[in-house]
Amino acid sequence: MEHFASVLRPRGQRPGADLTLTSPGEAEKARRFHSGLPGYAPTPLVSLDGLAHSLGVSKIWIKDESKRFGLNAFKALGGSYAMARCLSEKLGKPLEEMSFEELCAPAARRALGDITFVTATDGNHGRGVAWAARLLGQKAVVYMPKGSAAERLENIRAQGAQAEITEYNYDDAVRLANRMAEEHGWILIQDTAWPGYEEIPAHIMQGYTTLAAETLQQLEEQGAERPTHLFLQAGVGSFAGAALGFFTSVWGEERPVTAIVEPDRADCLFRTAQADDGALHFVTGDMDSMMAGLCCGEPCTISWKIIDAYADAFLSCGDGYAARGMRLLARPEEGDPVVVSGESGAVTAGVLDALMRGDAPSEVRQALGLNESSRVLLVSTEGDTDQENYQRIINGED
Ligand SMILES: Cc1ncc(COP(=O)(O)O)c(C=O)c1O
């Protein structure tokens, strides 16, 4: 059996966290902004009834972020919102009072002058920043970790950004981007926080809440009962914290049992939860997993507070679980639609499948209370952002 480890936390034993950051009010502001962007449409919430039946649960929904703005991943929700907030602040007018057109209009451009946004990325975030910079008529510089897929680099360059693959791992590429911002007076749009750099990542997390708010609305429109279980994949944890924070704000004690899923090569949240000593625990060196979007070794400080307070389980697993999820969603049960889901998008589906079919420790399934009445919510956070690897995996070559 592939590597699979868990930290399980009985509910009700930890103090809560401040959820202002991810409140429905903040989510509403972000959603209003996104609704004004070209190409905005809520991504589909797909019901996989065949898979649910086959796994012996009541419901499985998967939010398909491959359809987000034509960018094949959810990430642009965060960068675009944080960048727009920066610009509106410079213009001295709250973003809530501006249309997107106003932000890109010649008058705003003249007032703002030339601005360069800089970031580090394993692909999706940088593509989103490059896309938003292009829409806003500004420049973007993007640094990628060693070993990044050429296709992901080209997708960023195709948005007009200056992008390169560095010799660093993700966390050191972030430090490089930070240094370059300081040296050149660029604005760092990083999707993770550390002491002294928390405002922009907070806006990025608020941008991600659009995805959760759409899901809530879609569930209501389908007349569905709320999910009992939620699986969220994590790199630095900004996405997981944003989604869990939003759902906790809405559902409180009725929030779903939530599992945070990471690659075993980059399981910084798992290690931090395991140590449970008040300190953040890092993974260093090369993080050699095909789940490139999740290969981050240092937790996001502001998101961790939410995750630490409200997550019920931390799961650390090998690449095989991602491959399993990719295949499962590419070749669905009869009657279920295909969901094109990449390495970081599909791992939660792979883990759920393994748990329910007895290919992952049964004590985890029992502790999570997964059974025939469970209604499970998953998020496929990316499509086939590395098409070569996607084809190789779904054709069963690994
Ligand atoms: C496809 C995909 N899923 C999930 C994540 C995880 O997000 P976070 O780093 O905020 O935990 C990323 C991050 O880049 C990603 O690209």
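Go over the candidates Arg157, Arg110, Arg85 one by one and state the one that is closer than 23 Å to Thr381 by Cα and more than 16 Å from the ligand (Cβ to nearest atom). Spell out the reasoning first.
On the way: Arg110 fails: closer than 23 Å to Thr381 by Cα; Arg85 fails: closer than 23 Å to Thr381 by Cα.
Every option except Arg157 fails the conditions.
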**Message:** Checking the structure you have, find out if any residue of segment 199-215 is within 13 Å of the ligand (Cβ to nearest atom), assigned by TED's automatic domain parsing to the domain that holds Leu368 and of a type in the set (Ser, Thr, Tyr).
**Reply:** yes
**Item:** Failed criterion for Lys146 (all others in (1) buried (at least 16 other Cβ atoms within 10 Å of the Cβ); (2) under 17 Å from Gly235 (Cβ atoms); (3) basic (Lys, Arg); (4) more than 17 Å from the chain's Cα centre (by Cα) hold)
**Value:** (1)
**Message:** Show the residue pairs meeting these rules: Cβ distance below 8 Å; 6+ apart or different chains; first residue within segment 275-294 and farther than 17 Å from Val261 by Cα and touching a residue at least 24 places away in the same chain (Cβ under 8 Å); second residue more than 12 Å from the ligand (Cβ to nearest atom) and assigned to a loop (DSSP other than H, G, I, E, B).
**Reply:** Thr284/Asn169; Gly285/Asn169; Asp286/Lys146; Asp286/Gly147; Asp286/Asn169
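When you check Arg175 against the structure, is it over 17 Å from Ala133 (Cα atoms) and among the basic types (Lys, Arg), yes or no? Walk me through it before giving the result.
On the way: over 17 Å from Ala133 (Cα atoms): yes; among the basic types (Lys, Arg): yes.
For Arg175, the condition - over 17 Å from Ala133 (Cα atoms) and among the basic types (Lys, Arg) - is met.
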**Inter-residue pairs, beta-carbon under 7 Å, first more than 12 Å from Ser303 (Cα to Cα) and at pLDDT 95 or above and in segment 172-201, second more than 14 Å from the ligand (Cβ to nearest atom) and in a loop (DSSP other than H, G, I, E, B), 6+ apart** = Ala173/Thr166; Leu176/Thr166; Leu176/Tyr168; Met180/Trp186; Ile187/Ile115
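Please state which one of Glu262, Glu253 is near the ligand (Cβ under 10 Å from one of its atoms) and either of a type outside the set (Gly, Ala, Ser) or surrounded by fewer than 24 Cβ atoms within 10 Å (Cβ to Cβ) (or both).
On the way: Glu253 fails: near the ligand (Cβ under 10 Å from one of its atoms).
Result of the check over Glu262, Glu253: Glu262.
Conditions (1) surrounded by 19 or more Cβ atoms within 10 Å (Cβ to Cβ); (2) modelled with pLDDT under 95; (3) outside the structural domain of Val174 (by TED's automatic domain parsing), marked per residue:
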| site | (1), (2), (3) |
| --- | --- |
| Leu87 | yes, no, no |
| Glu101 | no, yes, no |
| Pro106 | no, yes, no |
| Ala111 | no, no, no |
| Asp122 | yes, yes, no |
| Gly126 | yes, no, no |
| Val129 | yes, no, no |
| Ala133 | yes, no, no |
| Val142 | yes, no, no |
**Message:** Regarding segment 352-371, can at least one residue be identified that is in a loop (DSSP other than H, G, I, E, B) and β-branched (Val, Ile, Thr)?
**Reply:** no
**Message:** If Leu294 meets every condition in (1) in contact with a Pro (Cβ under 9 Å, 6 or more places away or on another chain); (2) farther than 21 Å from Arg175 by Cβ apart from one, which number is that one?
**Reply:** (2)
**Message:** Scan segment 363-383 and tell me whether some residue there is surrounded by fewer than 24 Cβ atoms within 10 Å (Cβ to Cβ) and within 16 Å of the chain's Cα centre (by Cα).
**Reply:** yes
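Only residues that are hydrophobic (A, V, I, L, M, F, W, C), part of a loop (DSSP other than H, G, I, E, B) and within 16 Å of the ligand (Cβ to nearest atom): list them for segment 34-77, please. Write out each step before concluding.
Pass one, segment 34-77, residues hydrophobic (A, V, I, L, M, F, W, C): 37, 41, 45-46, 48, 51-52, 55, 57, 60-62, 69, 71, 73-74, 76-77.
Next, only the ones that are part of a loop (DSSP other than H, G, I, E, B) stay: 37, 41, 48, 57, 69, 71, 74.
Result: Phe69, Leu71, Phe74.
The values are calculated or read from the model by the stated rules, or taken from the named source; none is laboratory data. None of these values were measured; they are calculated from a predicted model. Virtual Cβ from ideal backbone geometry, glycine too; neighbours counted across all protein chains shown.
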